[in-house]
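A short write-up of the structure that comes next.
Taken together, the values in this text are just the output of simple stated rules run on the coordinates, not laboratory data. Values in this document were obtained by computation on a predicted structure and should not be read as measured data. Cβ coordinates were reconstructed from backbone atoms using ideal geometry, including for glycine residues, and neighbour counts include every protein chain displayed.
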Amino acid sequence: MKFIYSNDNKRYHTLNFYNKQKYGEKVYKASVNAGLTCPNIDGKLGVGGCIYCEGGSGYFTNKNLSVKKQISAEIKRQNKNGEQHKYIVYFQANTNTYTDIDTLKKMSDEALSFDNTVGITFSTRTDCLDDEKIAFLQELNRKTDVCLEFGLQSVHKKTLGFINRCQTFKSFKEEYLYFKKSGIRSCIHIINGLPNESYNMMIETAKQVGKLDPDGLKIHSLHIMKGTKLAKIYKEKPFNLIDKQTYIKLVSNQLTYIPQNTVIERLTGDGDKSKLIAPDWSKDKISILGGIDKFMTDNKLFQGKNL
């Protein structure tokens, strides 16, 4: 079979397909660190942040530069042969609506100062939005393509407590559904392989996310990175990690519970290999993606099959 939301052999709605349909070409992301924090770091809800987080959920070599200079550096890095690409500016580090409107406007203005910017993405939390911020984002969405990325990670209360998310799935769901009324595009993140989660628990997370009908979904493999609280926990009391073949089977089956209109923006992680402690198999992204393609084909699976 050929999946209708793919222009290659994929059996899921690929980001490549979405971007080529919308923009006519591949679109690159310029990831920047705006120097913001999180309510589970600064004490409003908790301290220390999520136990797996390394410097704000991203590796930024230019984080001490201004937003504008970071974007310039990202464009230079990706324009290896002088090509002129289209870009989405991705405010990735920490919680990027956990600030005031003036700061959000300044961040957005700097992103839009580049001619090839076709969109702005904000990594954030559902509990860091209010009507004023949503109204600002709706206005911004009339100028460029706006997307908000929400880290859910798991729907299980015990897991969310263990990773110091400082949020329940119940509150996430209520806040997310309220935000969806704004008409602004959104993407949900989940993590496979979190400590003490069974295969069926991770399948349940995908089922619940599917019911939210998100515009986009990112599935990450858990990375244990040097310098994180998770690394300390793993060193002191090692826990079982999901293996490669189980991960491939899991993701393939999770996708069957996700609506076909949801764009699958990621199926595994991209941690800094020099800081990765485990799992070692996660370094081979091409093999993982190829394994998912093969498993889905061999088992006649496709996105949304079980809906």
(message) Under 8 Å for C-alpha pairs, at least 6 residues apart: give me the relative contact order for the chain, rounded to a whole percent.
(response) 18 percent
(request) Give me the distance in nm between label points sitting 7 Å out from Cα along the Cα-to-Cβ direction at ALA73 and THR144, one decimal. (result) 1.9 nm
(request) Kindly flag which residue pairs out of LYS20/LYS211; LYS22/LYS133; LYS232/LYS305 have an alpha-carbon separation exceeding 31 Å in this structure. (result) LYS232/LYS305
(message) Counting pairwise Cα distances across the stretch 130-238, what percent come out greater than 19 angstrom?
(response) 51 percent
(message) As an exercise, use a Förster radius of 35 Å and the Cβ-Cβ distance of ASN9 and LYS275 to find the FRET efficiency, rounded to the nearest 0.05.
(response) 0.60
(request) Please give the direction-averaged projected area of the C-alpha convex hull for the stretch 111-152, in square nanometres with one decimal. (result) 3.2 nm²
(message) Restricting things to Cα coordinates, could you compute the convex hull volume per residue of the stretch 243-307 in Å³?
(response) 79 Å³
(request) Just name one of GLY48, TYR247, TYR87: the one whose Cα is farthest towards the positive end of the charge dipole of the chain (beta-carbon charges, Lys/Arg +1, Asp/Glu -1). (result) TYR247
(message) Across the stretch 30-144, what fraction of all alpha-carbon pairs, as a whole percent, falls in each successive 5 Å bin from zero upward?
(response) 2, 11, 21, 23, 19, 13, 7, 3, 1, 0
(request) Mind scanning LYS10/LYS207; LYS226/LYS285; LYS173/LYS249; LYS218/LYS273; LYS29/LYS229 and naming the pairs with a C-alpha gap bigger than 23 Å? (result) LYS173/LYS249; LYS29/LYS229
(request) Just add up the charged neighbours of HIS13: K/R +1, D/E -1, any other residue whose Cβ is under 15 Å from the Cβ of HIS13. (result) +4
(request) Within the stretch 67-147, report the GluC sites (Glu not before Pro) that DSSP leaves as loop and that have at most 16 other Cβ atoms within 10 Å. (result) GLU83
(request) Using only the Cα atoms of the chain, construct the convex hull and provide its projected area averaged over every direction, in square nanometres to one decimal. (result) 15.3 nm²
(request) Only Lys, Arg, Asp and Glu count, each charged at its Cβ (+1, +1, -1, -1), so figure out the dipole size of the chain about its Cα centre, rounded to 20 debye. (result) 660 debye
